Amino acid sequence: MITTVYVPQDAAALSVGAERVARAIAAEAERRGTPIRLVRNGTRGLLWLEPLVEVATPNGRHAYGPVTARDVPSLFEAGFLQGASHPLHHGLTEEIPFLKNQQRLTFARVGVIDPTSLTDYLAHDGYAGLRRALEMQPTEIVKTVLDSGLRGRGGAAFPTGIKWQTVLDQAAPQKYIACNADEGDSGTFADRMLMEGDPFMLIEGMTIAGLAVGATRGFIYLRAEYPHAHKTLEAAIATAYREGYLGRDILGSGKTFDLEVRLGAGAYICGEETSMLESLEGKRGEVRVRPPLPAIKGLFGQPTVVNNVISLASVPVILQHGAEFYQSFGVGKSRGTIPLQLAGNIKRGGLYERAFGLTLRELLYDFGGGSASGRPIRAVQVGGPLGAYIPASQFDTPLDYEALSAIGALLGHGGVVAFDDTVDMAKMARYAMEFCAAESCGKCTPCRIGSTRGVELLDRIIANVERDKNLQLVQELCETMVHGSLCGLGGMTPFPVQSALKHFPEDFMRTAQ
Amino acid sequence: MNTTPARPETLDARTREQIDLALSQYQSQPGPLLQVLHAVQNRIGYIPDAAIPIIASALNLSRADVHGVVTFYHYFRRQPPGRHIVRVCQAESCKAMRADELTEHAKAKLRIDFHQTTADGAFTLEPVYCLGNCACSPAVMIDEELYGRVTPERFDELIEEKSAK
Ligand SMILES: Cc1cc2nc3c(=O)[nH]c(=O)nc-3n(C[C@H](O)[C@H](O)[C@H](O)COP(=O)(O)O)c2cc1C
Ligand code: SF4
Ligand code: FES
């Protein structure tokens, strides 16, 4: 029997040498006259082990990693094609604690299948959700999503079903589904991993959204920094069209859904939904004043569902297994699962999907294994560049929307970035202001001018120039930004700044060199 | 750096043809400007000032509209870049893994600052805010290739590899 060997083609795996490993394995197999079947899968999300090579054996897939091209001859020598032991062997992939303790609903197939193979997708429950949806009335589909308790995974956590209902209720000549794949937050990569590892799931979710609200056209707004995801999506979309899963008369139902990818151009603000719509229309990404809501007047003035990649990719599972199934995961008003992304100075970084409720400490230490440097973790930023810095004294906070907001933090898109005790929090606060100044769309003065002013004030504080006065001014500036900004960029940049000041005041009090 | 105001360049026939091709590819789409600009930059490496009036008239927009869009987005460049574009991530996760030191190293190695091109025209250095490779920080992108866990030594190797090509 020909053994199947998996080497990921995910951008993160490639970034640490997966391509060379794949080539070395193919060459070594050839040299030994041992035929193998090489599959390029997505990543399992155990990123500290990438490049992670898997071998299919009768008792399951065995994991080896991190593999370099130089390790390949010794892997063959040891008999890795039979799942034999080797210093890089981790046993069965599914038994690795980091993976075993997850509850993968949205990422169930990621890392398992060949991402661009529709056959693989179908063999692993793919399109079961769409088939159900095709038998349902639009109102039933919307109700199922509403009852599932799914809230937007892009950051604002708005109930997805309510948004869909609003779009369904509009009478309009054309409605749209716009997928937000701008994923600008530092510390996040779930959207990328999903698009590269299971692109059909996003396509399926968007198609179901189209059926639910009566939209026949969809766009994926993808950030330009993701060329690998772009290629994978284009390949999957072409296949879906060819096989009758997109376009006119989807699976003989008479329904139409057209889908295309549009690239962003390196502007963080274009992740904000109204800025994204402007950008999709080919304009400057200036934030729109609300109302009207995008659900009423969105893309090209038409009713538009704007949802994050993970929100849309959660829909097929909800349709397949029902609202109750999805809603049975989670706590309080945070239902279902959340793909947490563990990054920064962490020993075992990666993607961790689980029902809401895990505490920060469990994630950082039980699964993350502490810092990569071996030093104490001093601060964690949750929820991207607009998220608060959390000190060690609050690591017992559960990672759900309500618990985080109770301590003045936010979950956002689920990014968790760890810093060890060498971090200078005054510098991080300064960076938050600098980022806001670089990325402001320019519409509101507190954001556009205030952030530049914030950088100057923090520079003076760091240099110990009139420190008390400038600390006072920075607090006042933060208040002005919170209250005088149209969107979250200006309105939330103060969160990392104020949390750094509150929890790490000593970093702002150092004697200037 | 180039501080002289951009003189109205004249476009050579080949460049002009590339712009026309980019236009014909996307002109009929709704809201096509960003796609056209991407296509122009893919074909000729940057968006020449002299292309702006051509694009504007083809899409029925004002020059100010097109100029406004080109300047809004970090990704669009108005000067020809080096043969390779090196982007070093500046965002938080990479900072937690010494990206600031890597950045200083990159600038010293290439002997340029951000937004500059080496004298031999080989490399342009750019900052970038997250490459989605945060679990393998610090991250660098060279052209369309992503690199993770980049140490200063690894950075030098990558530059040497690219220089050889
Ligand atoms: C400054 C800013 C940046 C944002 N960036 C993103 C992003 O990159 N991806 C995303 O899905 N949502 C982002 N959002 C949230 C969107 O505005 C919007 O809430 C989301 O796309 C809605 O989809 P969801 O309900 O499925 O989360 C951002 C918001 C703000 C204020
Ligand atoms: S807060 Fe900043 S980014 Fe948001 S609309 Fe105002 S100026 Fe634009
Ligand atoms: S912060 Fe550098 S890759 Fe995400």
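A few points about this structure:
- Per residue of A:415-422, other chain Cβ atoms within 10 Å of the residue Cβ number 3 on average.
- Percent carbon-and-sulfur accessible area, the range A:246-369, ignoring ligands, DNA and RNA, probe 1.4 Å: 49 percent
- Viscosity 0.890 mPa s, temperature 25 °C, Stokes-Einstein D of the range A:407-513 from Kirkwood C-alpha radius, µm²/s: 175 µm²/s
- Cα→Cβ-extended label distance, 7 Å offset, between B:Glu161 and A:Ser405, nm: 4.6 nm
- The calculated FRET efficiency for the pair B:Ala122 and A:Asp147, based on their C-beta separation and a Förster distance of 60 Å, comes to about 0.55.
- Counting only DSSP beta bridges with both residues in chain A, the antiparallel share comes to about 55 percent.
- Among B:Leu21, B:Leu37, B:Leu125: highest mean-square fluctuation, GNM of chain B, C-alpha pairs under 10 Å: B:Leu21
- Under 16 Å from the Cα of B:Lys162 - lysines, other chains or at least 8 residues apart: B:Lys109
- Within the accessible area of the range A:2-69 (1.4 Å probe), percent carbon and sulfur: 52 percent
- For the protein assembly as shown, radius of gyration divided by Kirkwood radius, i.e. Rg to Rh on alpha-carbons: 0.95
- Relative protection proxy for A:411-417, A:316-322, from highest mean packing down: A:411-417, A:316-322 (other beta-carbon atoms within 10 angstrom).
- Of the DSSP H helices in chain A, those with a Cα length along their own long axis of 20 Å or more and a mean Kyte-Doolittle hydropathy reaching -1.0 comprise A:18-32, A:199-213, A:227-242, A:425-439, A:445-462, A:467-484.
- Share of carbon and sulfur in the accessible heavy-atom surface of the range B:1-137 [1.4 Å probe, %]: 48 percent
- Take the range A:1-138 with all the other protein chains still there, run a 1.4 Å probe, and you get 43 Å² of accessible area per residue.
- Reported to the nearest whole Å, the Cα centre-to-centre distance from the range B:44-123 to the range A:93-125 is 38.
- Neighbour cut-off at most 16 other Cβ (10 Å), DSSP loop, chymotrypsin sites (Phe, Trp or Tyr not before Pro), the range A:377-424: A:Phe395
- Long pairs among A:Lys100/A:Lys347; A:Lys347/B:Lys95; A:Lys469/B:Lys95, criterion Cα-Cα beyond 27 Å: A:Lys469/B:Lys95
- Surface per residue (accessible, 1.4 Å probe) for the range A:247-329, Å²: 34 Å²
- Relative contact order %, the range B:8-165, counting alpha carbon pairs below 8 Å whose residues are six or more apart: 18 percent
- Residues along the range A:168-192 losing 40 Å² or more of accessible surface when the other protein chains are present rather than the chain by itself (probe 1.4 Å): A:Ser186
- Remark: relative contact order (the range A:195-338) = 22 percent; criterion is Cα-Cα distance under 8 angstrom and separation of 6 or more residues.
- At least 40 Å² of accessible area lost relative to the chain alone, listed for the range B:84-107 with a 1.4 Å probe: B:Glu92, B:Ser93, B:Lys95, B:Ala96, B:Met97
- Label point 7 Å beyond Cα of A:Asn464 along Cβ direction - residues of the range A:494-513 with amide nitrogen under 18 Å: A:505-513
- Solvent exposure of chain B, expressed per residue, is 48 Å² of accessible area, with all protein chains present and a 1.4 angstrom probe.
- Every helix of 4 or more DSSP H residues in chain A counts as -39500 (n - 2.57), and over all residues that averages to -11500 deg cm²/dmol at 222 nm.
- Hull volume per residue, based on the alpha-carbon atoms of chain B and their convex hull, is 134 Å³.
- Our summary gives the range A:275-407 a relative contact order of 14 percent, counting only alpha carbon pairs under 8 angstrom and 6 or more residues apart.
- Amide H contacts under 5 Å for A:Tyr389, placed H, 5+ residues apart: A:Ser499, A:Ala500
- Proximal aspartates and glutamates to B:Lys107, defined as alpha-carbon separation beneath 12 angstrom and excluding residues fewer than eight positions away on the same chain: B:Glu126, B:Asp156
- Solvent-accessible area lost in complex, 20 Å² minimum, residues of the range B:12-41 relative to chain alone, 1.4 Å: B:Gln29, B:Pro30, B:Gly31, B:Leu34, B:Gln35, B:His38
- Excluding ligands, DNA and RNA and using a 1.4 Å probe, chains A and B jointly bury around 3700 Å² of accessible surface, summed across both partners.
- Cut-off under 5 Å, modelled amide H: who pairs with A:Ala379 long-range: A:Phe419
- In straight-distance terms, cross-link reach from A:Lys297 covers every one of the lysines whose alpha-carbon lies under 25 Å from its own, apart from those fewer than eight places away in the same chain; here that gives A:Lys143, A:Lys163, A:Lys175, A:Lys255, A:Lys283, A:Lys443.
The values are calculated or read from the model by the stated rules, or taken from the named source; none is laboratory data. Note that this is a predicted model, so its numbers are computed, not measured. Glycine gets a Cβ as well: all are built from the backbone with ideal geometry, and neighbour counts include every protein chain shown. Quick note on the areas: whole protein, heavy atoms, side chains included, nothing else; ligands and nucleic acids left out. Shrake-Rupley method; radii C 1.70, N 1.55, O 1.52, S 1.80 Å.
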